[in-house]
1. Could you work out how far apart the two model spin labels at Asn114 and Arg31 are, taking each label as a point 7 Å from the Cα in the direction of the beta carbon, and quote it in nm?
2. Which entry in [x] 10, 40, 37, 12, 1; [y] 8, 29, 30, 19, 11, 4, 0; [z] 8, 31, 38, 19, 3, 0 matches P(r) over Cα pairs in 10 Å bins from 0, in percent derived from the coordinates of this structure?
3. Using 0.36 nm times the number of residues separating Val98 and Val76, minus their current alpha carbon distance, what extension gain do you get?
4. What span do the alpha-carbon atoms of the range 86-190 cover on each of the three principal axes, reported in whole Å from largest to smallest?
5. Pop out the ³J(HN,Hα) list for the range 149-157 in order, Karplus 6.51 cos²θ - 1.76 cosθ + 1.60 with θ = phi - 60°, rounded to Hz; leave Gly and Pro as x.
6. Rounded to the nearest 0.05, what FRET efficiency do Leu155 and Thr38 have when you use their Cβ-Cβ distance and R0 = 30 Å?
7. Once both labels are modelled 7 Å past Cα along the beta-carbon direction, what's the Arg148-Asn170 spacing in nm?
8. Arg137 to Glu122: extension gain in nm, 0.36 nm per residue of separation minus the Cα-Cα distance?
Amino acid sequence: MTVLPNRDRRAERREATRREILDAAWLIARRDGLNAITLREVGELVGMRAPSLYSHFESKNAIYDAMFAESWRELVRAFQGSKFPAAPREGLLTEAQVFFDFATADLARHQLMNQRALPDFEPSQAAYADSIVAYERLQESMSAKGVRRTADLDLWTALLSGAVNQQLANDPGGARWRRQLPRLVDMFADEVGIPGPPLRRVK
């Protein structure tokens with residue numbers, strides 16, 4: 001006879017409630033913007049009075065903090081679930097496409113992760129650690145391609161983020177700047193010395 005470990009049903013209910021609260025916050029953020037989130041509306045959506053939310057999140061910024069952390073974990077999972085060509089330029093292009101698609105799929109999430117859309121919010125050390133995991137993955141990937149200077153990593157993140165921001169601002173839901181990614185990779189690769197034939201296919 002197999003004896004199953006005792007379930008902590010209280011912890012499960014608590015986690016389920018926290019999930020409901022975060023889902024409600026994301027719903028508001030995606031519909032009306034990150035700044036539109038209020039404890040009152042979150043409470044209404046989950047059937048709780050706003051003061052009751054404090055037993056799960058100590059403040060609205062604590063909700064943002066949890067949203068920030070889970071967003072970066074989702075990005076890491078997106079990379080973990082993708083396959084990358086061994087050829088350096090082709091691999092970098094695929095990485096760029098994974099990030100680009102993830103970022104442009106959700107404006108509110110992108111703003112929370114990569115822009116200072118909430119001037120009164122700073123991620124906690126624990127939440128920021130999740131973003132560091134993603135950056136360290138980038139460092140390892142670039143190092144394998146021979147790119148190790150911080151200035152070169154800064155250039156790459158600036159180029160890719162710029163393309164994402166242009167897409168979100170000027171062609172939401174389209175692919176105008178996604179089609180530029182092969183050229184963007186070639187420009188960067190030529191600058192920092194990543195070998196391989198050109199990828200340019202933009203018409």
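1. In this crude spin-label approximation the distance works out to 2.7 nm.
2. [y]
3. 6.9 nm
4. In descending order, the Cα extents are 41, 32, 21 Å.
5. Residue by residue, the range 149-157 yields 6, 4, 4, 6, 5, 4, 4, 4, 5 Hz.
6. So, using R0 = 30 Å, E works out to roughly 0.15.
7. About 3.7 nm separates the two model spin labels.
8. My answer for the length gained is 3.1 nm.
None of the figures in this text is laboratory data; all of them are computed from the coordinates on show. These numbers come from a predicted model, not from an experiment. When we count neighbours, we look across all protein chains shown, and the Cβ atoms used for this are built from the backbone with ideal geometry, even at glycine.
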